[in-house]
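The values are calculated or read from the model by the stated rules, or taken from the named source; none is laboratory data. Predicted, not measured: the structure shown is a model, and the values here were computed from it. Here the Cβ positions follow ideal geometry from the backbone for every residue, glycine too, while neighbour counts run over all protein chains shown.
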Amino acid sequence: MILNRFFRLPFLALLAGTLAACQQADETVDTADSTAAAGPEAKPGLALADGVLLLPIVEGRPGAAYFSLENSGDDPVTLVGAHIDGATTAEIHETRAGSMAKIDSLEVGPGQTITFERGGLHVMAFELSSSLTASRTDGDTEPMTEITLTFSDGDKLSAPLTIEAMGSAASGDSH
Ligand SMILES: [Cu+2]
């Protein structure tokens, strides 16, 4: 009987440790699941529309994302970062007098709409995945990716980007 207990205790301790580890792993999976179930993140009062990711003509060069960002809330918000699915990094840039500058933060006032467009503000996407392609496999499917903007309060806003190839008409673009 006494011997039996001595053998059992370490075994039970080991078993308990294994169970705890399993539960931890399960919790991690649960968290990821619930985040995915919540869908695209949306900061209240903000809307991103007309999102386009323009792929570079030369493979290996960065792409650029254009869109309009509307703040219909009552308070100013400050854009501090961007992520584009399929790009290793993304930066907020502004083209001024033909050269680009990185923007660390950009305030959008209440009621203001800021347009990211060619020759002005854009989100530059670096190290693009080869999975980002503008080719349409069938007529009614538009190739898409997703952009996520991060604000100074930690809130995020996600929205779709239509992927387009940089046409010859855009070859004079600073990118
Ligand atoms: Cu740029």
Quiz item: Has segment 94-104 got any residue that is touching a residue at least 40 places away in the same chain (Cβ under 8 Å) and under 15 Å from residue 159 (Cβ atoms)?
Solution: no
Exercise. Return only the number of the condition from (1) surrounded by 15 or more Cβ atoms within 10 Å (Cβ to Cβ); (2) farther than 28 Å from residue 45 by Cβ that residue 141 does not satisfy.
Key: (1)
Quiz item: Looking at (1) away from the ligand (no atom under 12 Å from the Cβ); (2) without any contact (Cβ under 8 Å) to a residue 60 or more places away in the chain, can you tell me which one residue 128 breaks?
Solution: (2)
Practice problem: Quick one: which residue in 86, 73, 98 is on the phi > 0 side of the Ramachandran plot and either among the charged types (D, E, K, R) or surrounded by 14 or more Cβ atoms within 10 Å (Cβ to Cβ) (or both)? | Solution: 86
Self-check item: Qualifying residues in segment 98-122 (those that are outside any loop (DSSP other than H, G, I, E, B) and touching a Ser or Thr at 6+ places or on another chain (Cβ under 6 Å)) - the one farthest from residue 76 (Cα to Cα)
Solution: 115
Quiz item: On the given criteria, is residue 57 at pLDDT below 95 and within 16 Å of the ligand (Cβ to nearest atom)?
Solution: yes
Exercise. Residue by residue through segment 66-86, note down the ones that are within 16 Å of the ligand (Cβ to nearest atom) and under 14 Å from residue 150 (Cβ atoms).
Key: 79, 81, 82, 83, 84
